[in-house]
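J.: Quick one: the structure is below, questions incoming.
The values are calculated or read from the model by the stated rules, or taken from the named source; none is laboratory data. Not measured: the values here are computed from a predicted model. Note that each Cβ is placed from the backbone with ideal geometry, even for glycine, and that neighbours are counted across all protein chains shown. These accessible areas exclude ligands, DNA and RNA; they are computed on the full protein's heavy atoms, side chains included. Shrake-Rupley method; radii C 1.70, N 1.55, O 1.52, S 1.80 Å.
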Amino acid sequence: MAENADKITPATLYPNHVSSSKLTNGLCHQTEQNGTQLLGKEPWWKAGVFYQVYPASFMDSNGDGWGDIPGLISKLDYLSDLGVDCVWLSPVFDSPQADMGYDVRDYQAIYAPYGTAEDVDRLTEECHRRGMKLILDLVVNHTSVEHAWFQESRSSKTSPKRDWYIWKPARYNSQGERIPPTNWRGYFACPTWTWDEETQEYYLHLYAPDQPDLNWENPDCRDAIYKETMRFWLDRGVDGFRIDTVNKYSKRTEYQDAPVTDPRWESQPAPEMWCNGPRIHEFIHEMNEKALAPYQAVSVGELSNMAGPADVLPYVGAARRELDMVFEFSMIRLGTGGGFGPKYIYQPYTLPTLKRHVARFQTFIEGTDGWTTVFCENHDNGRAVSRFGDSGSGAELWRASARTLALWQATLTGTLFLYQGQEIGMVNMPAAWGIEEYKDVESRNFYADASASGDRDRVDKTMHGLRILARDHSRIPFQWDGEARNAGFSDADETWMRVHDGYRDINVKKQTGDPASVLEFWRRLLKIRKKYPDVFVHGVFRSLRDEDLQRYVYVKESKLDVNGKPGTKRRALVVMNWSKEVQEPENVNEVLGCSAESAHFLVSTTDGCRERAQLDAALEPWEGRIYTNFQP
Ligand code: TEU
């Protein structure tokens, strides 16, 4: 059990803390306000709860084994009851599905198994009718090879659209053999260049060869993106976009070799050649001006390869008018061996490392006009409860850790994003499933690469990493009902990915109405988050016990005073046990800077199992609690 000897005092935690003796001098003044009023001044998307739907796996209405838009519409009441304010729908556009729709063939048409453009209109209306918004996934770093723009570009060197993609002549080595224009290694274990026989040039693709990169340097290409993808859907009424790979549009235009960092590979990681390039802020600002701002559309961009908060801030500073929000990935990448060669060679890490990443992106907006996001799952990562919690030691610890992870997410500052199934604690695919159940292009390529090396140890390590980190885990069918066929996801004989063997234990039907369930706890937490947005959505984050390996402790401090008493900021203390062992409790009133009588218990993950957590009660395995210095 961790030592509890080090004392944390308000003076160290709160530099601007006014002790109660000073309060009578009237040094601090603040108008009494409740947390909800604060929201009036803020855009809806800050306190809004976003929920990502991965359409192929959410709900199949027509029995073909693929989820679809009518299926999603039939579940909107479920999302609305959960407390969702905005649905983010992963790509549903027409696509050959080389990368699950992140390879778009036609931005204005819908992939037939998902439905039609009219279904998207109906989805928008049905969301709006319930007071929810809808954002689509905008994939405009690249298109599919089958997109008409690429077909035209590829048709000849003189095609008017030749320059809409990035074409370069070959190089030749000393033996006179043709080699690509640069030595870059892309994502998905692919080189970044593919040779085109017809026009005798290479085209650039950071991802699969099926996903050629658009050339954002070309102004006509940019205008077409704004008009034919973004404005097209905004005109039809959607509320904004999650913007894929948003910091990769401006490449470094020298097209030079990357330094050789891994001599085993012919091609080398080179993200500095395409992330955060010289014109990136110009492009995003223009995108905002020409496509987002005129519609007051909300935007959340996907950033990768960021050196630190100072690089993230320019993307989200309100005055810069680029993006409303971004996803920064340093926390969610924990455990991976980087994006390139060894991505799936698992790297163990400790809780203090995770805390450091979280703290950095909780606090970097302080004193700025920027904003941050909160998430621990999406369609590109393993399930949170299997990665950060404990899904392998029985039902009790699975539930306790899923509830504690929920408490963690729901108390952090920024816009909260939930991924489908997270709210019921869905877990990774069973460890016994073989590589044939992994359908993702990235998983398959990394596994094939390891196999081709003939190195058994590398194959085993890759498979081990895939079992924890693969993108497939979050993509299996949603578990609605433990008694229904295919977990209630589909009536088909075969679903596009296999349904989890454990669906009878983990599903919506079983958890609905059970106060001890993960789902009901999420529902409750989202209400708490919305009741005290000043503390949980907008509060200042102060981390405690940074080096503690089991306990995760922090305070959230509002800008508002307790009951209007000047100088007494509303605070919440979040104490969590991220281990299987019982842990000592926190010095609640001391940390909150109030008397024992003014410290209030708000909620515990053990609620429903045990009535009330005392201030000095030890923390049960994977228990989390919130205390406040104001009467909840
Ligand atoms: O992902 C961008 C990306 O680079 C990573 O976050 C991704 O997880 C990948 O595994 C890197 O190794 C976005 C989408 O979220 C992802 O699903 C797509 O495959 C990708 O873009 C290409 O469009």
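J.: Quick one: dipole size for segment 539-628, taken about the Cα centre, charges +1 on Lys/Arg Cβ and -1 on Asp/Glu Cβ, in debye to the nearest 20.
T.: Roughly 480 debye for segment 539-628.
J.: If you take all C-alpha pairs in segment 286-381, what percent of them are over 23 Å apart?
T.: Result: 32 percent of Cα pairs exceed 23 Å.
J.: Against the longest alpha carbon principal axis of the chain, how many degrees, from 0 to 90 and to the nearest 10, is the axis of helix 441-453 turned?
T.: 70 degrees
J.: With a 1.4 Å probe and every protein chain left in place, tell me how much accessible area H500 has, in Å² to the nearest 10.
T.: Accessible surface of H500 is approximately 20 Å².
J.: Rounding to the nearest 20 debye, state how big the charge dipole of the chain is about its Cα centre with +1 on each Lys and Arg Cβ and -1 on each Asp and Glu Cβ.
T.: 1740 debye
J.: Could you list, in their original order, any pairs among K227/K530; K161/K248; K168/K227; K157/K251 whose Cα atoms are separated by more than 32 Å?
T.: K227/K530
J.: Restricting things to alpha carbons, tell me how big the chain is in terms of Rg and Dmax, in Å.
T.: My reading of the Cα-based Rg and Dmax gives 25.1, 85 Å.
J.: Would you be so kind as to identify which of W66, V441, V555 lies farthest towards the positive end of the dipole of the chain, taking Lys and Arg as +1 and Asp and Glu as -1 on Cβ and the Cα centre as origin?
T.: Selected residue: V555.
J.: Averaged per residue, what accessible surface does the chain expose to a 1.4 Å probe, in Å²?
T.: With the other protein chains kept in place, the chain gives 38 Å² per residue.
J.: Looking only at the chain, where both bridge partners belong to it, what percent of the DSSP beta bridges are antiparallel (to the nearest 5)?
T.: Around 55 percent antiparallel, to the nearest 5.
J.: Right, next: Going by Cα centres, segment 206-257 and segment 445-501 are how many Å apart?
T.: Cα centres, segment 206-257 to segment 445-501: 30 Å.
J.: Right, here's the next one. Hey, what did the chain get for relative contact order, percent, Cα under 8 Å, at least 6 apart?
T.: Computed over the chain, the figure is 15 percent.
J.: A further question on this structure: Just want to confirm a number: the relative contact order over segment 539-628, from Cα pairs under 8 angstrom separated by 6+ residues, in percent.
T.: 28 percent
J.: Right, here's the next one. Report the accessible area of R122, computed with a 1.4 Å probe over the heavy atoms of all protein chains in place, in Å² rounded to the nearest 10.
T.: Roughly 100 Å² of R122 is accessible to a 1.4 Å probe.
J.: Just want to confirm a number: the relative contact order over segment 148-204, from Cα pairs under 8 angstrom separated by 6+ residues, in percent.
T.: 31 percent
J.: To make sure I understand the rule: partners must be lysines, Cα under 28 Å from the Cα of K531, and not fewer than 8 residues away in the same chain. Which ones qualify?
T.: K41, K46, K75, K133, K355, K509, K510, K556, K559, K565, K569
J.: Something else: Mind grabbing the base-10 log of I(q)/I(0) for segment 459-508 at q = 0.17, 0.23, 0.26, 0.27 Å⁻¹? Debye formula, identical points on the C-alpha positions, no solvent, two decimal places.
T.: Taking Cα atoms of segment 459-508 as identical point scatterers yields -0.56, -0.81, -0.92, -0.96.
J.: Shifting gears a bit: By per-residue mean of other Cβ atoms within 10 Å, what is the highest-first order of 190-200, 172-182?
T.: Packing proxy ranking, top to bottom: 190-200, 172-182.
J.: Here's a follow-up. Could you name the lysines in cross-link range of K439, using Cα to Cα under 19 Å and dropping any fewer than eight places away on the same chain?
T.: Correct list for K439: K343, K461.
J.: Restricting things to Cα coordinates, could you compute the convex hull volume per residue of segment 180-330 in Å³?
T.: Taking the convex hull of the Cα positions in segment 180-330, it is 130 Å³ per residue.
J.: Leaving out ligands, DNA and RNA, and with a 1.4 Å probe, what % of the accessible surface on segment 112-218 is carbon or sulfur?
T.: The value for segment 112-218 is 48 percent carbon and sulfur by accessible area.
J.: May I pose another question? Over segment 148-204, what lengths in whole Å, largest first, do the semi-axes of the equivalent ellipsoid take, defined as the square roots of 5 times the eigenvalues of the alpha-carbon gyration tensor?
T.: They are 21, 15, 8 Å, listed largest first.
J.: Once you have the alpha carbon radius of gyration of segment 516-632, what is it after dividing by 2.2 N^0.38 Å, with N set to its residue count?
T.: Here the Cα radius of gyration is 1.03 times the empirical estimate.
J.: If you don't mind, another one. Leaving ligands and nucleic acids out of the surface, order T116, T336 by accessible area at 1.4 Å, largest first.
T.: Putting T116, T336 in descending order of accessible area: T116, T336.
J.: Give, as a single signed number, the net charge of other residues whose beta carbon lies under 12 Å from the beta carbon of R171, with Lys and Arg counted +1 and Asp and Glu -1.
T.: -1
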